[in-house]
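Each remark here refers to the structure printed beneath this line.
The values are calculated or read from the model by the stated rules, or taken from the named source; none is laboratory data. Everything quoted here is computed from the prediction, not taken from an experiment. As a convention, Cβ positions derive from the backbone with ideal geometry for all residues, glycine included, and neighbour counts pool all protein chains shown. Accessible surface areas use protein heavy atoms only, side chains included; no ligands, DNA or RNA. Shrake-Rupley method; radii C 1.70, N 1.55, O 1.52, S 1.80 Å.
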Amino acid sequence: MRFGILTGGGDCPGLNPAIRAVVQRAARFGHDSVGFLDGWKGVRDDRSRPLDGAAVHGLVGRGGTILGSSRTNPFAKEEDAARVLATLAAHGIDALVAIGGDDTLGAARELSRRGGKVVGVPKTMDNDVAGTDWTFGYQSAVAVAVDALERLRDTADSHHRAIVLEVMGRHAGWVALGTGLAGGADATLVPEEPFDEEALLEKVRRAVAERGYALVVASEGIDLGTRRGAAGGKDEFGHELLREREVGAELAHRIEAQTGVESRSAQIGHIQRGGPPILFDRLLATRLGVGAVDLALARRFGQVAVLRGAAIVGIPFDEALGAPKTVTPDWLDLLHTFDA
Ligand code: F6P
């Protein structure tokens with residue numbers, strides 16, 4: 001068999017180990033692999049590179065993706081869809097492994113509906129893919145954000161300030177939740193809960209009274225009712241670029257204006273998406289890459305390798321791609337045990 005591999009959407013730590021896993025698992029059973037460049041764009045435009053053991057050597061600990069990524073939707077135009085099918089036929093691809101979040105896997109599902117032989121691997125630092133317990137990239141990104149919060153703690157303490165750390169995560173609050181919980185924030189704001197300004201100000205006042213500074217973690221996806229920054233642009237899948245709303249800066253401004261506590265904000269942005277994957281993400285990405293190849297070898301096309309409990313299993317695209325997975329009440333209860 002000849003395997004095709006692509007990585008699409010926002011990059012995250014774990015993509016390279018997943019690519020390595022697909023190539024090595026396929027090679028173990030005597031199969032070849034080719035990588036398409038920059039997500040679906042590379043399939044549409046027929047840009048690829050051969051992948052063998054030497055090409056993926058050392059990738060288990062490397063951030064980013066050696067294949068490149070993009071937010072290209074190959075089914076936005078019918079002529080692009082035809083080009084995708086033509087490229088796969090020209091390369092004699094027997095199985096395409098699409099590694100991505102909701103958008104990339106959504107395009108893979110469309111390809112599958114059109115008869116393409118495709119399997120999926122979920123990834124995203126947002127941890128919001130419905131059908132899997134965890135996505136790789138999430139824990140590595142949160143580890144970086146926790147480190148940032150701890151650095152902000154030092155300077156907030158020195159200057160007796162309130163500091164807001166704005167993290168990514170799109171419309172799911174998993175990244176903010178993990179950062180706030182593991183970093184010990186005084187308040188953590190997630191899109192799953194309505195913004196309560198009075199409650200936030202009270203938490204800041206109390207923290208400053210008790211220890212002289214306050215730390216707030218805010219998800220980029222919260223709705224403050226007003227907007228700062230540039231009018232949010234959109235990507236090819238129609239998603240607003242949320243960081244352009246600058247909710248962290250807006251919050252710092254409101255905290256200072258209403259509490260009198262000098263305040264600052266930091267937007268960690270894409271720093272969260274770089275760097276080596278942590279142990280959990282290396283292992284999960286490796287297991288999912290292997291799982292996807294095994295699905296293809298079993299001719300279980302149209303399925304996604306996901307983590308359920310401790311096991312890697314295959315489920316249909318439709319099941320993997322339900323509504324984005326958002327933070328559940330039990331996690332919110334846990335969070336507010338520490339920042340009530
Ligand atoms: O989906 C991953 C993510 O990092 C989101 O958390 C964030 O909103 C978005 O990608 C940023 O996208 P871009 O890299 O296109 O700026």
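Quick notes on this structure:
- The stretch 316-340, residues that are over 20 Å from the mean Cα position of the chain (by Cα) and closer than 17 Å to Lys123 by Cα: Pro316
- The residues of the stretch 89-101 that are buried (at least 20 other Cβ atoms within 10 Å of the Cβ) and either out of contact with any Gly (no Cβ under 8 Å at 6 or more places or on another chain) or more than 21 Å from Asp235 (Cα to Cα) (or both), listed by number, are Ile93, Ala95, Leu96, Val97.
- Only one entry of Val56, Val60, Val43, Val22 meets the criterion of being touching a helix residue (DSSP H, G or I) at 6+ places or on another chain (Cβ under 6 Å) and over 25 Å from Arg282 (Cβ atoms), and that entry is Val43.
- Only a single item in (1) touching a Phe, Trp or Tyr at 6+ places or on another chain (Cβ under 7 Å); (2) open to solvent by 50 Å² or more (accessible area, probe 1.4 Å) is not met by Val118, and it is number (2).
- Any strands (runs of 3 or more DSSP E) falling wholly within the stretch 240-340 and containing at least 2 residues that are within 30 Å of Glu197 (Cβ to Cβ): 263-267
- Highlighted here are the helices (runs of 4 or more DSSP H) found entirely within the stretch 111-230 that include at least 2 residues which are within 16 Å of the chain's Cα centre (by Cα) and in contact (Cβ under 8 Å) with a residue 40 or more places away in the chain: 138-159, 174-183.
- Exclusive hit being exposed (fewer than 14 other Cβ atoms within 10 Å of the Cβ), modelled with pLDDT under 95 and within 14 Å of the ligand (Cβ to nearest atom), set Gly238, Gly269: Gly238
- Of the residues making up the stretch 1-46, just one is under 21 Å from Ile278 (Cα atoms), open to solvent by 40 Å² or more (accessible area, probe 1.4 Å) and within 16 Å of the ligand (Cβ to nearest atom), namely Asp11.
- Checked against (1) touching a residue at least 12 places away in the same chain (Cβ under 8 Å); (2) in contact with a helix residue (DSSP H, G or I) (Cβ under 9 Å, 6 or more places away or on another chain); (3) within 30 Å of Arg83 (Cα to Cα), Gly101 passes all but a single condition, namely (2).
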